[in-house]
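Structure, as structure tokens:
The values are calculated or read from the model by the stated rules, or taken from the named source; none is laboratory data. A quick note: this is a predicted structure, and the numbers were derived from the prediction, not measured. Using ideal geometry, Cβ is built from the backbone for each residue, glycine included, and neighbour counts are taken over all protein chains shown. Surface areas here come from the heavy atoms of the whole protein model, side chains and all, with no ligands, DNA or RNA. Shrake-Rupley method; radii C 1.70, N 1.55, O 1.52, S 1.80 Å.
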Amino acid sequence: MTDTTFTPRVFSGIKPSGGLTLGNYLGAIKRFVGMQGQMETVYCVVDLHAITVWQDPKELANMTREVAAGYLAAGLDPSSSILFNQSQVAGHAELGWIFNCVARVGWMDRMTQFKDKAGANAEKVSLGLYAYPSLMAADILLYHATHVPVGDDQKQHVELTRDIAAKFNHDFKTDFFPITEPVIEGPATRIMNLRDGTKKMSKSGESDMERINMTDDADKIAKKFKKAKTDPEPLPETVEGLADRPEARNLVEIYAALDETTPEAVIAQYPGAGWGTFKPALADLAVAKLSPISDEMARFMDDPAEIDRILGAGSEKARAIAEPILRKTYDIVGILRS
Ligand code: AQP
């Protein structure tokens, strides 16, 4: 056994599989930016994950830039965090293959996100979609990341990462990989679909009306919240009254996350309010918080060469951390390199 201590390091990523949503912002980006400066932070645009489902080759590079623009516009500072796109650091795919040989088929069969995404079509989806959590483990462990901020939907994948690290360490009698901690906290760990409060808000959901996009203008945001599904009851007097009301709870949690407060404080501010009062207030708050970010995103997107430069420089810094970890992994596995 080697005595290894791990530098505290954050890793997380977002797929460029569509435009960023309010769920990505509140559940991920805003929290990523909040961890900047507290420890070393490595943030990625995970383009190899995006291609597990069909992506138009004419759009993919631009979607990758748009996610990078979202990070930057929300306050990610490339001089204090490493920002890059996954495919520019080949070690992700290399370590992903080694982890495909560590992870067990039975573990992958339990991944609920695969079941949700593949649905009745499981025979026809790509092998990449099935293996994606093992590549995600590689993304994290290639940097020996100790902390992974994610939304609630990714909890099972971070647990799988821990299982892969533990099995690798056990099989090769080492303690080379850390047992990473998921960081899932705050009022916005699972923002729900505006038309169905039992489903997660997703980039790739069927209807544009079910999500707020980071690039939506004020009119669109107001219209989407106005049309958001709710039950007929007004807001309750206390937060316990939201228990069996998924759509109402979702709108209150969105308000709380945008306003950096708690659902309790939101209910205390709007006790018994009707939707005709609460929805416009929520729309105004969302516009006030999101429009400076979407303006900034547009400014970054006007200069794609600058985004490419930032991602290229970030990739170099990422490779400097990843390469020794990958080399050592090959040595542990016993792979010949001349
Ligand atoms: N609705 C959400 N609420 C809170 N957090 C969310 N995240 C995604 N949706 C929500 C968090 O955003 C990060 C990046 O996710 P991703 O883009 O890599 O993958 P995803 O979770 O599969 O996101 P989508 O929007 O649902 O993408 P598609 O539709 O393409 O599959 C993660 O930390 C995630 O938890």
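For a test of the definition: using alpha carbon positions, the gyration tensor, and the 1.5 limit on a/c, classify region 1-107 as rounded, prolate or oblate. It would help to have the intermediate numbers written out before the result.
Values: a/c = 1.92, a/b = 1.10, b/c = 1.75.
It is oblate, given that a/c is not under 1.5 and a/b is not larger than b/c.
Can you grab the distance from the C-alpha centre of region 165-242 to the C-alpha centre of region 49-86, Å, no decimals?
Centre-to-centre distance over Cα atoms comes out at 19 Å.
What is the set of long-range amide H partners of Thr41 at a cut-off below 5 Å, with H atoms built 1.01 Å from backbone N?
So Thr41 has HN proximity to Val10, Ile82.
Jot down the per residue volume, in cubic angstrom and as a whole number, of the convex hull over the alpha-carbon atoms of region 21-65.
Roughly 93 Å³ of hull volume per residue.
Would you kindly state the longest site-free stretch of the chain, with sites defined as GluC sites (Glu not before Pro) in a DSSP loop (not H, G, I, E, B) surrounded by at most 15 other Cβ atoms within 10 Å?
Counting at most 15 other Cβ atoms within 10 Å as exposed, the longest clean stretch of the chain is 1-122.
So which trypsin sites (Lys or Arg not before Pro) in region 173-244 pass both tests, a DSSP loop state and at most 12 other Cβ atoms within 10 Å of the Cβ?
Counting only loop positions with at most 12 other Cβ atoms within 10 Å, the trypsin sites (Lys or Arg not before Pro) in region 173-244 are Lys173.
Label points 7 Å out from Cα along the Cβ direction at Lys220 and Ala120: separation in nm?
Label at Lys220, label at Ala120, 3.2 nm between them.
Specify the angular offset, from 0 to 90 degrees and rounded to the nearest 10, of the alpha carbon long axis of helix 218-227 from the longest principal axis of the alpha carbons in the chain.
Taking Cα atoms only, the helix is inclined about 80 degrees.
For region 223-266, what does the alpha-carbon gyration tensor say about shape, rounded, prolate or oblate, given a ≥ b ≥ c as the root eigenvalues, a/c under 1.5 as rounded, and a/b over b/c as prolate?
oblate
Where a ≥ b ≥ c are the square roots of the eigenvalues of the C-alpha gyration tensor, would you call region 181-338 rounded, which needs a/c under 1.5, or, failing that, prolate if a/b is larger than b/c, or oblate?
prolate
Given the pairs Lys15/Lys220; Lys167/Lys199; Lys173/Lys328; Lys203/Lys224, which span a C-alpha to C-alpha distance of over 21 angstrom in this model?
Table pairs above 21 Å Cα-Cα are Lys15/Lys220; Lys167/Lys199.
Enumerate the amide H contacts of Val183 below 5 Å, restricted to partners 5 or more residues apart or on another chain; note that Pro and chain-start residues carry no placed amide H.
Val148, Val150
Can you give the extra length, in nm with one decimal, that the chain gains between Thr7 and Gln269 once fully stretched, where that is 0.36 nm per residue apart less the Cα-Cα distance?
Extending this stretch completely gives an extra 90.1 nm.
Which of the trypsin sites (Lys or Arg not before Pro) found in region 285-338 are loop residues per DSSP with 12 or fewer other Cβ atoms within 10 Å of their Cβ? Could you put the intermediate results ahead of the total?
Working: sites: Lys289, Arg299, Arg309, Lys317, Arg319, Arg327, Lys328, Arg337; in loops: Arg337.
For trypsin sites (Lys or Arg not before Pro) across region 285-338 that sit outside H, G, I, E and B with at most 12 neighbouring Cβ atoms in 10 Å, the list reads Arg337.
For Asp208 and Gln36 in the same chain, what is the full-extension length gain: residue separation times 0.36 nm, less their Cα-Cα distance, in nm? Show your work: numbers first, answer last.
On the way: separation 172, 0.36 × 172 = 61.92 nm, distance 3.15 nm.
Length gained, Asp208 through Gln36: 58.8 nm.
Using only Cα atoms and rounding to the nearest 10 degrees, what angle (0 to 90) does helix 155-171 make with the longest principal axis of the chain?
That helix lies at roughly 10 degrees to the long axis.
Can you give the accessible area of Ile51 in Å² (nearest 10), computed on protein heavy atoms with a 1.4 Å probe?
Number for this one is 100 Å².
Taking H placed 1.01 Å from N in the peptide plane, check which residues at least 5 places from Gly13 or on another chain put their amide H under 5 Å from its amide H.
Cys44
Taking only Cα atoms, what is the 0 to 90° angle, nearest 10, from helix 304-333's long axis to the longest principal axis of the chain?
Compared with the principal axis, the helix lies near 50 degrees.
Got a sec to turn the phi values of region 94-108 into Karplus ³J(HN,Hα) couplings, 6.51 cos²θ - 1.76 cosθ + 1.60 with θ = phi - 60°, whole Hz, x for Gly and Pro?
5, 5, x, 5, 4, 5, 4, 8, 9, 5, 9, 4, x, 5, 5
Compute the normalised compactness of the chain: alpha-carbon radius of gyration over 2.2 N^0.38 Å, N being the residue count.
Working it through for the chain, the quotient is 1.03.
What residue among Gly272, Gly197, Gly151 has the largest mean-square fluctuation in a Gaussian network model of the chain, using Cα springs under 10 Å?
Fluctuation is largest for Gly272.
Just going by the charge dipole of region 21-166, with Lys and Arg at +1 and Asp and Glu at -1 on Cβ, which of Leu22, Ala90, Ala120 is farthest out on the positive end?
Ala120
Restricting things to Cα coordinates, could you compute the convex hull volume per residue of region 265-320 in Å³?
Cα convex hull per residue, to the nearest whole number: 117 Å³.
Against the empirical 2.2 N^0.38 Å scaling, what ratio does the C-alpha Rg of region 245-285 come to?
The reported ratio for this selection is 1.01.
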